Amino acid sequence: MSFQAYLDNIETKTGKSPDEFKAMALAKGYCDQAGLRKGVKASEVLDWLKQDFDLGRGHGMALVAMLKGKRD
């Protein structure tokens, strides 16, 4: 599955766009405009995504990559 396909599936499942997830992660303090904040572990973000959106590891890691700045 391509990176974009993961993001598309996440949006279909949750109704939230990648930009909305980035805004929520910013509000929670997981990232800043440059990417994941120093000291924030992917597992923290994965736990949030699982608890609030029932996203599994693969989809969660796609969002972590997106937060780190991956675009494709």
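The values are calculated or read from the model by the stated rules, or taken from the named source; none is laboratory data. The structure presented is a predicted model; accordingly, all values stated were derived computationally and were not measured. Positions of Cβ are generated from backbone atoms using ideal geometry, with glycine treated the same way; all protein chains shown enter the neighbour counts. Only protein heavy atoms, including side chains, enter the accessible area calculation; ligands, DNA and RNA are left aside. Shrake-Rupley method; radii C 1.70, N 1.55, O 1.52, S 1.80 Å.
A few comments on the model shown:
- Within region 22-33, restricting attention to residues that are of a type in the set (A, V, I, L, M) and free of Cβ contacts under 8 Å to residues at least 12 places away in the same chain, the residue that is surrounded by the most Cβ atoms within 10 Å (Cβ to Cβ) is MET24.
- Residue in region 37-60 that is surrounded by fewer than 17 Cβ atoms within 10 Å (Cβ to Cβ) and hydrophobic (A, V, I, L, M, F, W, C) present: no
- Count - residues of region 3-21 that are open to solvent by less than 40 Å² (accessible area, probe 1.4 Å) and within 15 Å of MET61 (Cβ to Cβ): 6
- Of the residues contained in region 23-45, one or more are found to be in contact with an Asp or Glu (Cβ under 8 Å, 6 or more places away or on another chain) and aromatic (Phe, Trp, Tyr).
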